1. Going by alpha carbons, how many degrees (0 to 90, nearest 10) lie between the helix axis of 32-41 and the longest principal axis of the chain?
2. How big is the dipole moment of the chain about its Cα centre under a simple scheme where the beta carbon of each Lys and Arg is +1, that of each Asp and Glu is -1, and everything else is neutral? Debye, nearest 20, please.
3. Taking the convex hull of the alpha carbon atoms in region 1-73, what volume per residue do you get, in Å³?
4. Counting only other residues whose beta carbon sits under 10 Å from that of Gly521, what net charge do I get with K and R as +1, D and E as -1?
5. Please list log₁₀ I(q)/I(0) at q = 0.07 Å⁻¹ for the chain, using the Debye equation with identical point scatterers on the alpha-carbon positions.
6. Count neighbours as other Cβ atoms within 10 Å of each site's Cβ, and list the chymotrypsin sites (Phe, Trp or Tyr not before Pro) in region 330-398 that are DSSP loop with at most 12 such neighbours.
7. Within the chain, what's the longest stretch lacking GluC sites (Glu not before Pro) that sit in DSSP loops with no more than 11 other Cβ atoms inside 10 Å?
8. Can you give me the C-alpha center-to-center distance between region 1-49 and region 128-201, rounded to a whole angstrom?
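The values are calculated or read from the model by the stated rules, or taken from the named source; none is laboratory data. Since we're looking at a predicted model, the values are computed, not measured. Cβ sites come from the backbone with ideal geometry, for glycine too, and all protein chains shown count toward neighbours. Surface areas here come from the heavy atoms of the whole protein model, side chains and all, with no ligands, DNA or RNA. Shrake-Rupley method; radii C 1.70, N 1.55, O 1.52, S 1.80 Å.
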Amino acid sequence: MAATLLLASATALLALAAAWLWDYVVVRLLWRPRAVAGMFRAQGVRGPPYSFLSGCNREMRRMKAEADDGLRLDVRDHNYLPRVMPHFLAWKQQYGEPFLYWMGPRPRVCLFDYESVRQVLFNKSGHFFKDDAHPTILAMLGKGLVLVEGTDWVRHRRVVNPAFAMDKLKMMTETMVSCAEPLIKRWEQLAASRSSEDGGRGEVQVEFSKQFQDLTADVISHTGFGSSYKEGKEVFHTQKQLLALAMATLLNVQLPGFKYLPTKNNRLKWALEKKMKTTLTAIIQSRVASNGRSSGYGDDLLGLMLEAWLTAERGGGERDESSLTMDEIIDECKTFFFAGHETTSHLLTWTMFLLSVYPEWQQRLRDEVLRECGQANPTADTLNKFNEMTMVLLETLRLYGPVMLMLRKPTSDIRLGSLSIPKGNGIAIPVPFLHRDREVWGDNANDFDPLRFQNGVTNAAKTPQALLSFSIGPRACIGQNFAMLEAKSVMAMILKKFSFTLSSSYVHAPVDYITLQPKFGLPIVLRPLPDV
Ligand code: HEM
């Protein structure tokens, strides 16, 4: 009897395994790619061939490695597409636009026209979800606002939105400035000690990419986690390790179930994830314990989320269904920590780069800062008056925006213009290509010209809202005002005190490390300015 049962179970298991193998190997890896490619070819959309399991990943890796090895750009050359996205450039030239490519076995249509992109990003009826995140990215970001969908997204966004109201952000300006102050002081001291050696010039070389990463982590630790900022910084270090792991494994083929195997990388990922969860849980619990009896949980991001989370419990009733769970709060903390410092630090880095290359703009901005603030620190009100600074930051975002690719996946069969895209087929929006579209941005699309923004973002190009750096539509960046305030505060503090140029050791080699970064950092020579 037992033997019969065993045999029946084994047969059932084998049948299940065979069905799974058939579906995965034959249908998903062999038949479906052919069918999808054929369906797109019939619509005139072509693309690089699909290789079994790996799709175009190997080809992408090869082209990126070759471009990364060989190409160094002139500092005034802002067309880094041959370096950073050589695969898209080659496929666009060979197959036209849009084209179809394969991320492993998953098909993606790469869109280059604003009309279709606007249709995707402005869609409010839930027809487009974000594409599935790589498991390590998911571990790093958590399933917070960036990655949640549908009614979950509505619930998260409702709870988080109030934290980004302009009056709350204005209060954070002081914190942003006070985080930058010690850095400025340190450079001033260094300059003073150097000036006896270099004939009074006091020149100091600083690697800004790293400095800005530390600074923006400091700012988000203070503005996001208030008094728990030290523990918040631990999250920063853990996320950095997860980011490095994600970069190393991003183009690896993801076999189903692979993420559950105890491989070396998976074990590292689990350990880092656990560490981050432990740190964040401790921060949250200590905040609840210390503030629970007083009137609120603090004006920082965490405090505002805790307020929403605990509303129902304070009333002693059932948990409000529109609030978040403990795990969701932890994921939101991860999201804000990463989204809040990584991107803004690159915005600062590239702004510093461009102002070093264009000294006339550096001086214009310095004049503006001194006109509005004198020697005083910037405030929310003075930042609001920095028109030229806003133009420079927007132009920096257009040319060197940190987010290069936005991914979507239709939840039902859809039409974009004359193109039919089936449910589940990926859509890729390569932002730097769109930002260099001459039809939209004019013949000088590759040039640094902040004046294109002098009449505001809406009127900067032939297509309204053509700047996609913070995205557009309902899923646009919730932190864009935060990022702009932070960038303005920090740049104002630097411009007031120093003039700067690129160090002779700088090599212009932008690189795609999920966000756009200078491959060899940004060494800058600072010269202290006399107080006026
Ligand atoms: C220069 C700085 C920044 C840039 C360029 C940037 C860019 C973006 C982009 C392009 C998106 C849309 C991604 C997509 O739809 O695929 C996005 C979403 C988001 N960003 Fe930012 N971001 C910046 C700063 C920040 C900051 C400072 C925070 C928070 C403190 C933040 C939090 C978020 C969140 C939570 C979302 C998801 C919004 C949603 O889906 O509802 N970002 N960001």
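1. The answer is roughly 60 degrees.
2. Value, rounded to 20: 1440 debye.
3. Working: hull volume 8.4 nm³, N = 73.
Each residue corresponds to 115 Å³ of Cα convex hull volume.
4. For residues surrounding Gly521, the net value is +1.
5. Listed by q, the Debye log ratios stand at -0.44.
6. Sites meeting the loop and neighbour criteria: none at all.
7. 322-532
8. Their Cα centres are 44 Å away from one another.
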